[in-house]
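Down below is the structure, laid out as structure tokens.
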Amino acid sequence: MKDAILVLPKAELHLHLEGAVEPETLHEIDPATSVEEFRALYSYAGFDGFLKAFGAVGKRLATPEAYAIATRRLLERLVAQNVRYAEIIIAAGVVLWKGQEFAPVFDAICDAARGSTVKVRWIFDAVRQFGVEQAMTVVQWAAERMDRGVVAFGIGGSEERGPALLFQDVFALAKNAGLHTVAHAGEGTSPQSVWDALTIGAERIGHGISAIEDPALMTHLREHDIPLEISITSNLVTRVVKRVEDHPVRRLYESGVPITLNTDDPAMFGCTLLGEYQLAADRFGFSLEELYGLAQNGFQFAFANRPLGEL
């Protein structure tokens, strides 16, 4: 099974650049700080602790070259896992929060990705708790760079401190600009958070695992072919799911809800895409044929392959 998963062409649709920066990569960026000190940044408890740790790692990406190194190392790891396509989420809202000039950062990221065998597209992410005004700025940055592989705008961060309905006008602006839209929703909150994300126009849902609690929502997702970007290890590490056997991935799949497998923040959660596929097989009984179907979903639901409004 392990060898079969390795040779399987894969796509990843929910992958944060900043959350994929290994402690060793931070040490490469800043050799004066030990790997052990950087590794301490990845120690946290619960979802709010994770958000703080994510911000702490993001602060260490203080220059365009730091972002370039992070991008190169991530793509090397994807190549080693036979990932052929990736939509990489850039926390543009965090760049704005840090007061960095965005254009040189994105230029460095794009230069670092040039020549990789992984076909890369970009999603610009706004931080929900930072508010609507900053999200509008992120949409503008994304719209200005659609000719450089930016395919979507999304919102992440705290669902409770940044309810999706606040961003209705932001999503409308993104869609009018020709961008696809995605939202983290239903990660550690109720199914209503997913409904709200759909109301403002989200075409895919990051996580969305609380949908299992709402049969009507699962029917809606199935009938409208709206995928959930599932990240099993992420949900376990952040404690939104307490035990692996409680994770609803198998039940969502068997209900006909479209799903994809992803790592979310692989460095921060100590996981790989290969490992997520193996976990699905070992703990949830996914057959190789079923894993092949999940891999195909990654390509099917890629924004690069879908005209605006198709979902």
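Just so you know, all these numbers are worked out from the coordinates, no wet-lab data involved. None of the values given here were measured: they were computed from a predicted structure. All Cβ positions, even for glycine, are placed from backbone atoms using ideal geometry, and neighbour counts span all protein chains on display.
Would you mind checking the pairs 52/242; 2/119; 2/242; 10/52 and listing those with alpha carbons more than 28 angstrom apart?
Working: 52/242 20 Å; 2/119 24 Å; 2/242 26 Å; 10/52 30 Å.
In this structure, 10/52 exceed 28 Å between Cα atoms.
Any idea which of 238, 140, 267 is furthest toward the positive side of the dipole for the chain, if Lys and Arg beta-carbons carry +1 and Asp and Glu beta-carbons -1?
So the residue we want is 267.
Taking springs between alpha-carbon atoms closer than 10 angstrom, which of 215, 227, 191 fluctuates most in the Gaussian network model of the chain?
Its mean-square fluctuation being the largest, the pick is 215.
Which residues among segment 144-179 fall inside the zone where the amide N is under 16 Å from a point 7 Å beyond the Cα of residue 190, along Cα→Cβ?
159-165
Just 206, 156, 178 to compare: in a GNM of the chain, with alpha carbon springs under 10 Å, which one fluctuates most?
Largest GNM mean-square fluctuation: 178.
With unit charges on the beta carbon (Lys/Arg positive, Asp/Glu negative), name the residue among 150, 257, 208 whose Cα is farthest towards the positive pole of the charge dipole of the chain.
150
Pick from 13, 166, 274: which residue has the top mean-square fluctuation in a GNM of the chain where Cα pairs under 10 Å get a spring?
166
Please identify the trypsin sites (Lys or Arg not before Pro) of segment 170-264 that satisfy two criteria: DSSP loop assignment and at most 11 other Cβ atoms within 10 Å. Which are they? Don't jump to the answer; show the numbers that get you there.
Numbers: sites: 175, 204, 222, 239, 242, 243, 250, 251; in loops: 239, 242, 243.
When the trypsin sites (Lys or Arg not before Pro) of segment 170-264 are filtered for loop state and at most 11 Cβ neighbours within 10 Å, 242, 243 remain.
How big is the charge dipole of the chain about its Cα centre, in debye rounded to the nearest 20, if each Lys and Arg gets +1 on its Cβ and each Asp and Glu gets -1 on its Cβ? List each step's numbers first, then the result.
Working: 28 positive and 41 negative charges, 46 e Å.
Dipole size: approximately 220 debye.
How much mean residue ellipticity at 222 nm does the chain get from its helices, if each DSSP H run of length 4 or more adds -39500 (n - 2.57) and you divide by all residues, to the nearest 500 deg cm²/dmol? Walk me through the intermediate numbers first.
Details: 16 runs with 150 residues, N = 311.
Taking each H run of at least 4 residues, the total per residue is -14000 deg cm²/dmol.
Please report the relative contact order for segment 2-302, taking Cα pairs under 8 Å with a sequence separation of at least 6, and give it as a percent rounded to a whole number. Don't skip to the answer; put the middle values down first.
Details: 532 pairs, mean separation 60.0, N = 301.
20 percent.
Once you keep just the Cα pairs under 8 angstrom separated by 6 or more residues, what percentage relative contact order results for segment 213-267?
Averaging sequence separation for qualifying contacts and normalising by length gives 50 percent for segment 213-267.
Answer with one residue from 74, 115, 38: the one whose Cα lies farthest towards the positive end of the charge dipole of the chain, charges on Cβ with Lys, Arg +1 and Asp, Glu -1.
Result: 115.
When the Cα atoms of the chain are enclosed in a convex hull and the volume is divided per residue, what value in Å³ results?
Numbers: hull volume 36.1 nm³, N = 311.
In the chain, the Cα hull volume divided by residue count equals 116 Å³.
Could you grab the relative contact order for segment 127-272? Cα pairs under 8 Å, six or more apart, rounded to a whole percent.
In percent, rounded to a whole number, it is 17.
Using a cut-off of 16 Å between alpha-carbon atoms, which lysines can reach residue 59, once sequence neighbours fewer than 8 places away in the same chain are excluded?
Correct list for residue 59: 98.
When a footprinting reagent is the concern and you count Cβ atoms within 10 Å, what order do 292, 42 take, fewest first?
Values: 292 15, 42 22.
Ascending Cβ contact count within 10 Å gives the list 292, 42.
Give, rounded to the nearest 20 debye, the magnitude of the charge dipole that segment 47-189 has about its Cα centre when Lys and Arg contribute +1 at Cβ and Asp and Glu contribute -1 at Cβ.
Numbers: 16 positive and 15 negative charges, 93 e Å.
Dipole about the Cα centre, nearest 20: 440 debye.
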